[in-house]
Amino acid sequence: MPEDKSPSTPLPQLHRCEITGEQLPSDELIRFRGKWVSEKGKQILLERLLSGEDIEPEWITATIGRRLGAFSLDWAPLLIIIFTWIVLDVFGHDFVFFCVITLALFLLVVAYFGFQIGRAGQTWGKKVAGIKVMTSKGEPLSVRRGLIRSLFYALPLLLLALTCTGFIFPILGVACLFTAFWYPPLDILFMFADFSQRRALHDLLAGTRVVMAPPARDPSDPATSDPVSAPGPEALSPNSTPTNPTS
């Protein structure tokens, strides 16, 4: 018998309603604030919305692997500067020069991380890794909060620069040197201790957290379009009908 070469009807793409757990075709679901919602889920969300409950999408905590990957990318150019400083220091410069260069490096790190994170929530390394920094309440950071976070992040460099005070106050110089070396491993260990949000010590001190960045906005996709044009609470009205967001 001749083989039937008529085109077959493509199977509808299934998505999971993030409220009820139902698996349904996309034309039976809507996208509401980043969530796939079914007809039954709409009723549940509408009741929660009318009761005043927060129904904003939950942010997914960034993995430690992604954070370490972003750290490596961001620090690659800075390591070149550090290496240059080491070479210069080997050729006859004194300890005061070491402190001055370290202080300059501290200011560079604070500016690099603080302004980028404060304005966009991401450095270029975090952007490549697909993660971003937010406040502990899930709100965007201000430049001021970004700089505060970076101050705690780069604290070991400042402490190393302050070891020069040991010439005048030996105990203070030793304390700065000691703290500068135990702070980084302690900072990382906090990510393993905080199981829910994996916040490092500098995150806890600054009131921030690191989450998975949302996908880039596509104007043709309501799921990632501008929030102004994305479905609002009226989309949960009982009189509204699900529409296929990809049609």
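In the range 131-176, how many are surrounded by fewer than 16 Cβ atoms within 10 Å (Cβ to Cβ) and under 21 Å from Asp203 (Cα atoms)?
Number of matching residues: 8.
Restricting the search to the range 101-125, which residues are surrounded by 16 or more Cβ atoms within 10 Å (Cβ to Cβ) and hydrophobic (A, V, I, L, M, F, W, C)? Write out each step before concluding.
Our first condition is that a residue be surrounded by 16 or more Cβ atoms within 10 Å (Cβ to Cβ); within the range 101-125, this holds for 101-103, 105-106, 109-110, 112-114, 116-118, 120-123, 125.
Residues satisfying the conditions are Ile101, Leu103, Leu105, Phe106, Val109, Val110, Phe113, Ile117, Ala120.
Looking at the range 1-48, which of the residues that are of a type outside the set (Asp, Glu) and in contact with a Lys or Arg (Cβ under 6 Å, 6 or more places away or on another chain) is modelled with the highest pLDDT?
Only one residue fits best here, namely Gln23.
Name the pairs whose Cβ atoms lie under 7 Å apart, with the first residue in the range 180-205 and polar (S, T, N, Q), the second at pLDDT below 90, and 6 or more positions between them or separate chains?
Gln197/Thr61
The values are calculated or read from the model by the stated rules, or taken from the named source; none is laboratory data. Not measured: the values here are computed from a predicted model. Every residue, glycine among them, receives a Cβ derived from its backbone with ideal geometry; neighbour counts consider all protein chains shown.
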